[in-house]
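First comes the structure, then the notes that go with it.
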């Protein structure tokens with residue numbers, strides 16, 4: 001019971017950290033190329049992760065773990081950051097909430113396919129209802145016509161769900177912070193090379209919000225958030241704790257309104273309450 005409770009606490013902290021990712025990315029892509037931003041954030045986080053691994057003398061992962069680490073890196077180090085950065089050039093961070101609302105359900109599907117979990121039927125009802133609450137709320141604000149942006153966001157959600165489930169599965173034996181650290185280190189050679197190749201001739205054009213955004217997604221979104229998130233998923237169950245992501249859109253919308261001055265409807269509180277009910281229901285029937 002204590003382990004499960006700790007899993008939910010760690011998961012919530014991770015979600016709270018991730019909530020700032022889309023607004024921070026939105027601010028960063030205003031002045032940075034999406035490819036450069038994706039690779040720069042991964043490079044910065046990987047160098048920090050490598051320092052921690054060496055300092056704490058962590059053993060190298062087994063050869064059998066490398067494919068899973070590669071899938072994790074493909075999903076959360078490369079895929080989701082790059083696809084969302086590209087998408088946010090076509091849609092607002094508030095609009096992207098439509099798709100983030102599908103992430104808990106997507107993570108649960110991969111928890112079954114890759115994590116071997118078997119939630120009860122009632123879990124899927126609450127998970128789908130929670131996603132419907134979030135998506136319905138986002139749609140109330142109107143849908144911006146950007147097929148390219150929407151397809152990019154949908155692809156980002158799929159690869160992110162895979163990366164979450166795969167990393168959490170590996171965290172059961174390797175450890176939460178070790179998984180994201182080794183995934184970052186595994187991708188470092190490519191990320192560093194592309195960072196150098198895509199770096200603009202001058203960075204003087206970048207304004208302070210863009211630098212803050214880059215700093216946030218590098219340190220918090222790419223590293224610290226995953227320390228809590230993977231630990232929470234491994235302790236409390238991937239499908240169950242993954243439903244906490246239903247709160248991420250509302251936290252993100254609040255930040256988007258506060259920092260980017262994007263419009264947020266008062267109905268957010270009502271839908272948030274609905275999401276809370278769905279998370280509680282999903283938690284009860286997850287096992």
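Rule-based calculations on the coordinates, nothing more; no lab input. Because the structure is a prediction, the values reported are computed rather than measured. Cβ sites come from the backbone with ideal geometry, for glycine too, and all protein chains shown count toward neighbours.
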Ascending count of other beta-carbon atoms within 10 Å, so fewest first, for 170, 192: 192, 170
Cα radius of gyration and Dmax for the range 56-118 (Å): 15.5, 43
Spin-label proximity, residue 50 to the range 194-227 - amide N less than 15 Å from point 7 Å beyond Cα toward beta carbon: 194-196
Packing-based exposure ordering (other Cβ within 10 Å, fewest first) of 90, 95, 205: 205, 90, 95
Cα gyration tensor, the range 103-244 - rounded (a/c under 1.5), prolate or oblate: oblate
Pair-distance profile P(r), taking every C-alpha pair of the range 142-182, with 10 angstrom steps and integer %: 27, 32, 22, 16, 3
Neighbour-count ranking [beta-carbon atoms within 10 angstrom, fewest first] of 285, 137: 285, 137
Projected-area mean, the range 33-138, by convex hull of Cα positions, square nanometres: 8.9 nm²
For the range 36-112 and the range 212-236, distance of Cα centres in Å: 9 Å
Tensor-based shape of the range 184-255 (alpha-carbon gyration tensor, a/c under 1.5 rounded, otherwise prolate or oblate): oblate
Rg and Dmax [Cα atoms of the range 1-61; Å; Rg one decimal, Dmax integer]: 16.0, 47
Candidates 236, 225, 215, ranked by Gaussian network fluctuation over the chain, Cα under 10 Å, top entry: 215
Residue among 132, 85, 239 with the largest mean-square fluctuation in a Gaussian network model of the chain, springs linking Cα atoms under 10 Å: 132
The chain: C-alpha pair distances exceeding 37 Å, %: 9 percent
